1. Of (1) under 19 Å from residue 45 (Cα atoms); (2) part of a helix (DSSP H, G or I), residue 132 satisfies all except one. Which?
2. Could you list, in sequence order, all residues of the range 135-166 that are outside any helix (DSSP H, G or I) and in contact with a strand residue (DSSP E or B) (Cβ under 6 Å, 6 or more places away or on another chain)?
3. If a residue has to be open to solvent by less than 70 Å² (accessible area, probe 1.4 Å) and part of a helix (DSSP H, G or I) to count, how many in the range 15-45 make the cut?
4. Take the residues in the range 65-81 that are in a strand (DSSP E or B) and touching a helix residue (DSSP H, G or I) at 6+ places or on another chain (Cβ under 6 Å); name whichever of them is nearest to residue 120 (Cα to Cα).
5. Does residue 214 count as open to solvent by less than 30 Å² (accessible area, probe 1.4 Å) and acidic (Asp, Glu)?
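The values are calculated or read from the model by the stated rules, or taken from the named source; none is laboratory data. Predicted model only: the values in this text are computed from it and were never measured. Because the Cβ atoms are built from the backbone with ideal geometry, glycine has one as well, and the counts that use them run over all protein chains shown. Surface accessibility is based on the protein's heavy atoms, side chains included, excluding ligands, DNA and RNA. Shrake-Rupley method; radii C 1.70, N 1.55, O 1.52, S 1.80 Å.
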Amino acid sequence: MFKALTAYHLPRDAQPDPNKLDAQLAALPFTPCGPTQPLSLGFVPPRGHAHGPLAEFVPGGHVMIKLQFEQRLLPGSVVRERVDELAQKMEQETGRKAGAKRRRELKDEALLDLLPQAFTRQTSMRVWIAPALELLVIDSTSTARLDAALSALTKAVPGLAPQPLQTAESPGACMRAWLLDGVAPQGFGIGRDAELRSADVAAATVRYTRHGLEGPDVQQHLTAGKQVRKLALNWKDRLDFVLTDTLQLTRLKVDDGAFEQDGLKDSEQDPFDADALLLTSELGELLPALFEGLGGRVDGLGVATAPAADSAPTASAPTGAGEPAPWD
């Protein structure tokens with residue numbers, strides 16, 4: 001299950017061809033960092049099986065993809081120390097101090113010297129494509145990692161064109177209204193965490209943690225003009241999460257009751273299949289309901305973009321893609 005997510009609009013005419021997707025991803029496989037390579041990324045089998053498919057198709061037309069990252073860990077202090085050593089050596093040999101331009105060149109030399117000795121760290125990022133919902137969802141809120149993922153996806157899959165997802169009402173304005181009224185959209189409940197910030201240059205911030213948000217102090221902050229940047233919400237007593245004013249979800253947590261209702265608790269089902277079922281079923285309901293609570297999805301011109309349930313395409317696994325999932 002994702003712990004955080006950023007969703008993108010994936011129009012019907014800009015979605016991957018399920019019969020070509022695996023081969024397209026195979027053109028950008030993950031390989032470990034070379035000796036002087038600071039970062040490497042590529043696609044790996046989502047199920048974790050060596051030589052497995054890079055695009056896993058699950059019931060409902062959903063597609064799961066996994067990106068692997070490897071980074072060489074090189075602290076800035078170590079680089080600066082090496083640059084100082086090289087600069088001092090240059091001064092001793094030539095009698096001239098290194099200027100700003102020369103120090104930049106020495107930094108490149110230092111990196112070439114130090115990178116082969118640096119430890120590496122691997123992390124991964126999952127991508128969920130829901131064709132019927134016209135969504136591409138990435139399990140991150142980091143701008144750098146999102147940019148890297150989108151760059152890799154659009155490089156590997158020609159024609160793939162995820163777009164920033166927008167709603168008719170801003171998340172910040174809606175969260176402020178929900179707190180003022182004490183009522184969230186149907187199916188949602190207001191939690192006990194929030195972050196409020198003033199709109200002026202001072203950016204005075206108030207954070208509430210495990211605190212009742214119905215009190216007069218919260219109302220006073222809101223009526224004084226503070227905006228809501230983050231708000232904890234609950235979806236049908238099954239999912240807890242924090243919504244941000246940038247339309248990202250963080251701190252996603254599934255309630256134990258969701259496992260019991262879906263028959264996944266103590267199940268012998270493959271962990272990947274169980275996780276995929278939970279992800280697509282729970283978030284497949286939550287996200288459309290959340291967007292509707294924010295006035296509905298729109299494009300940059302304010303035109304509604306919500307997919308029509310009876311006309312949206314459904315991707316299917318290509319012929320020979322493997323055995324169906326146990327719940328299929």
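1. Of the numbered conditions (1) under 19 Å from residue 45 (Cα atoms); (2) part of a helix (DSSP H, G or I), the odd one out for residue 132 is (1).
2. Going through the range 135-166, the residues outside any helix (DSSP H, G or I) turn out to be 135-142, 157-166.
Hits for the range 135-166 are 135, 136, 137, 138, 139, 140, 141, 162, 163, 165, 166.
3. 5
4. Let us first name the residues in the range 65-81 that are in a strand (DSSP E or B), namely 65-73.
Filter once more, keeping what is touching a helix residue (DSSP H, G or I) at 6+ places or on another chain (Cβ under 6 Å): 67, 72.
Values: 67: 16, 72: 4 Å.
Looking at the filtered set, the residue picked out is 72.
5. Values: open to solvent by less than 30 Å² (accessible area, probe 1.4 Å): no; acidic (Asp, Glu): yes.
Criteria not met by residue 214.
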